[in-house]
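The values are calculated or read from the model by the stated rules, or taken from the named source; none is laboratory data. No experiment lies behind these values; they were computed from the predicted model shown. All Cβ positions, even for glycine, are placed from backbone atoms using ideal geometry, and neighbour counts span all protein chains on display. Ligands, DNA and RNA are stripped out before the accessible areas are found, and what is left, the full protein with its side chains, is counted by its heavy atoms. Shrake-Rupley method; radii C 1.70, N 1.55, O 1.52, S 1.80 Å.
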Amino acid sequence: MPKKVVYSANIEHMQILDEDGTLDTKLAKGTLTDEQVVYLYEQITTCRQFDEIAFKLQRSGRMGTYPQNKGQEANAVGAGLALRKGHDWIVPCYRENAALFMHGLPMHYILLHWMGDERGNQIPEQCNQTPIAIPIGTHMLHAAGIAWACKLRGEDRVVATFFGDGATSEGDFHAAMNFASVMQAPVVFYCQNNQWAISTPREVQMNSETVAQKALAYGMPTIQIDGNDIFATYKATRDAAGLARKGGGPTFIEAVTYRLGDHTTADDARRYRDQGEVDAWQSKDPLIRIRKYMENKGLWSDKQQTELEERAVRIVDEVAKTALEIEKPVPADFFNDMYAELPTDLLRQRETMRTTSIGIDPEQAGLRSQPQQA
Ligand SMILES: Cc1ncc(C[n+]2csc(CCOP(=O)(O)OP(=O)(O)O)c2C)c(N)n1
Ligand SMILES: [Mg+2]
């Protein structure tokens, strides 16, 4: 019996607006209007200013750590625009600030989160988004679960979840992909392949040539796109969301992009990244190509650019002021909302602000409970 091929597949790559600002008009048909392009450019510019200020807040000791979104923003804005605000769900990682803001999250919440203030994680209900996720991969399971719940309730919501290339090496990623596909849950799995997982390059992280091909194993439609191209990020997300809404189940999007900054403010990428590589990606910056496109079409002037930059500074200064001036949280807050009734050891910890888990008995250590108030 001769052998036969039982499965074969191709992965498509989609780019619509190239590095020079030239548009593939055929592919762009029915995607972004001029007005939307300008709007997304403004969103990216504001977000980049947000990154700058967050970086300075960390360097001046007013924030714990911060992961810059710089260079990757075309993903958040394109996908954010393709999802319906307040209706669809966003289950983010930590490099999608612009999408969260576009869907109504007050900007200072992100600063509060990175300042270690839990109020930054109390997402206003109408935003339909979960808090940013630091444990890599865990939130994709939440996305699959939320989407399944929407399906069971007969709601036409779509759930988009964002994650990095490194996250696709986690077991949780595979469980979420399998579950969503088997249940035909309305999920858009959006991978921001920024080439690095901290200091681990993609080719050391995985042995597959593309990230997109991982979805083939789960019988899921999959595509690779230029993640620095707002037309491609918008179109791919819109099409995937449209399919999910019609009952077509999940789609996988691999968006090829690059983080122009360090992994976080706790990192120094110069120690492991070649400057030539960074320079090459710098020229693919989404901001540069959108500006070229807008200028070619007569949609943008130097005056508009100056006004936009000034506005972005004003907005972000106001946001930082809000985060810095908010009434300080009470340290005991981090014991609240965990249990209906705190177990004795945690009661003791709350009282003494010391942990017994490292073998310190507060009384032995000479710490006493505060005298009761009269
Ligand atoms: C479960 C888990 N393991 C390890 C870490 C430490 N960690 C933080 S970010 C990161 C790399 C993530 O890379 P990627 O998914 O590509 O996202 P990127 O930061 O590049 O956007 C790792 C390993 C973590 N946060 N959670
Ligand atoms: Mg990465």
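Within the set R270, R245, R259, R202, the sole residue that is touching a residue at least 40 places away in the same chain (Cβ under 8 Å), open to solvent by 10 Å² or more (accessible area, probe 1.4 Å), assigned by TED's automatic domain parsing to the domain that holds N75 and of a type outside the set (D, E) turns out to be R245. Out of curiosity, is F162 touching a residue at least 24 places away in the same chain (Cβ under 8 Å), of a type in the set (F, W, Y) and within 14 Å of M220 (Cβ to Cβ)? Taking the combined requirement at face value, the residue does not satisfy it.
Residue-level check: of (1) among the polar types (S, T, N, Q); (2) under 20 Å from the mean Cα position of the chain (by Cα); (3) assigned to a helix (DSSP H, G or I), Q213 misses just (2). Q349 falls short on exactly one of the conditions (1) under 34 Å from the mean Cα position of the chain (by Cα); (2) modelled with pLDDT of 80 or more, and that condition is (1). Limited to region 1-25, what total is found for residues that are in a loop (DSSP other than H, G, I, E, B) and closer than 30 Å to A217 by Cα? Residues flagged as in a loop (DSSP other than H, G, I, E, B) and closer than 30 Å to A217 by Cα within region 1-25 amount to 14. Restricting attention to region 83-94, which residues are open to solvent by less than 20 Å² (accessible area, probe 1.4 Å) and out of contact with any strand residue (DSSP E or B) (no Cβ under 7 Å at 6 or more places or on another chain)? Scanning region 83-94 gives no hits. For region 172-199, the set of residues classified as touching a helix residue (DSSP H, G or I) at 6+ places or on another chain (Cβ under 8 Å) and within 17 Å of V256 (Cβ to Cβ) consists of V188, F189, Y190, C191, Q192, N193, Q195, W196, A197, listed by residue number. Annotation: of all residues in region 229-242 being crowded, with 18+ Cβ neighbours inside 10 Å and out of contact with any strand residue (DSSP E or B) (no Cβ under 8 Å at 6 or more places or on another chain), the one that is nearest to T33 (Cα to Cα) is Y234.
Restricting to region 95-128, and then to whatever is polar (S, T, N, Q) and over 18 Å from E73 (Cα atoms), can you tell me which residue is least open to solvent (accessible area, probe 1.4 Å)?
First, the residues of region 95-128 that are polar (S, T, N, Q): 97, 121-122, 126, 128.
Pick out the ones that are also over 18 Å from E73 (Cα atoms) and you get 121-122, 126, 128.
Details: N121: 42, Q122: 107, Q126: 131, N128: 18 Å².
My answer is N128.
Taking the options S208, S169, name whichever one is farther than 23 Å from R95 by Cα and within 16 Å of ligand 1 (Cβ to nearest atom). Before the answer, list the steps.
Details: S169 fails: farther than 23 Å from R95 by Cα.
S208 is the lone residue from the list that is farther than 23 Å from R95 by Cα and within 16 Å of ligand 1 (Cβ to nearest atom).
Restricted to region 171-199, and to residues there that are farther than 22 Å from A9 by Cβ and within 15 Å of ligand 2 (Cβ to nearest atom), the residue that is most open to solvent (accessible area, probe 1.4 Å) is I198. Just so you know, in region 149-170 the residues that are more than 12 Å from ligand 2 (Cβ to nearest atom) and assigned to a helix (DSSP H, G or I) include one that is farthest from V77 (Cα to Cα), and it is L152. Against the numbered list (1) surrounded by fewer than 22 Cβ atoms within 10 Å (Cβ to Cβ); (2) without any contact (Cβ under 8 Å) to a residue 60 or more places away in the chain; (3) closer than 17 Å to F162 by Cα, I223 comes up short only at (2). Annotation: of all residues in region 133-144 being open to solvent by 20 Å² or more (accessible area, probe 1.4 Å) and in contact with a helix residue (DSSP H, G or I) (Cβ under 8 Å, 6 or more places away or on another chain), the one that is nearest to A180 (Cα to Cα) is L141.
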